[in-house]
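The structure appears right after this line, and notes come after that.
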Amino acid sequence: MKKTEKTVVELQQNDAIVSITERENESKEVNEVEELKKENERLKTLVSSKQEPENLEEKIKYFEKKQELINRRNRMELSVINLKEVEAEVKKESEVDAFISENFSIKVTKKPNYGSEQEIIKFKNPVVIAELIEFLIEKATFKFNQIEAEINA
């Protein structure tokens, strides 16, 4: 009889372990279900916020804004392309002479009066010019990506 009691106790212990494991799995599944519900609600909110306007005037404004964004994006893209071409030329020239450029310069001017410009500083160093162009390309690309995201929103 003692052997039987031990077996029952061992089975009961195993059942307890199994039930604890089952409860842990159930709580994990409940957490996953809750997370999926939250994600579902977030996506529903996102989809509802992207709906197009309902009346004609709002639709016209909506599409005019999208068209303006597309035009801005296109201008920004052309600027980046042009800057990359100039950057390549400046880098070629900097290989010849890294201190002064005969073909490129960057000038900062001030316009104190309506008609005349006052030169503040003028850079002719191709290395500095190339670095500045690289900076401009980075900023323009960042802005391009922002506009692209706004168009797709």
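The values are calculated or read from the model by the stated rules, or taken from the named source; none is laboratory data. The structure displayed is predicted, hence computed values, not measured ones. Positions of Cβ are backbone-derived with ideal geometry, glycine not excepted, and every protein chain shown enters the neighbour counts.
Here are a few things to note about the model shown:
- Residue, surrounded by the most Cβ atoms within 10 Å (Cβ to Cβ), within segment 66-84, restricted to residues that are of a type in the set (Lys, Arg) and under 21 Å from the mean Cα position of the chain (by Cα): Arg73
- In segment 85-120, residue surrounded by the fewest Cβ atoms within 10 Å (Cβ to Cβ) [restricted to those that are free of Cβ contacts under 8 Å to residues at least 12 places away in the same chain and among the β-branched types (Val, Ile, Thr)]: Val96
- Number of positions in segment 132-153 that are within 14 Å of Asn74 (Cα to Cα) and among the β-branched types (Val, Ile, Thr): 3
- Applying the condition of being in contact with a strand residue (DSSP E or B) (Cβ under 9 Å, 6 or more places away or on another chain) and among the hydroxyl-bearing types (Ser, Thr, Tyr) to segment 104-127 and asking which residue is nearest to Ala88 (Cα to Cα) yields Ser105.
- Cross-chain or 6+ apart pairs with Cβ under 7 Å, segment 55-84 first and in the same structural domain as Glu150 (by TED's automatic domain parsing) and in contact (Cβ under 8 Å) with a residue 60 or more places away in the chain, then of a type in the set (Gly, Ala, Ser) and assigned to a helix (DSSP H, G or I): Met76/Ala140; Ser79/Ala140; Val80/Ala140
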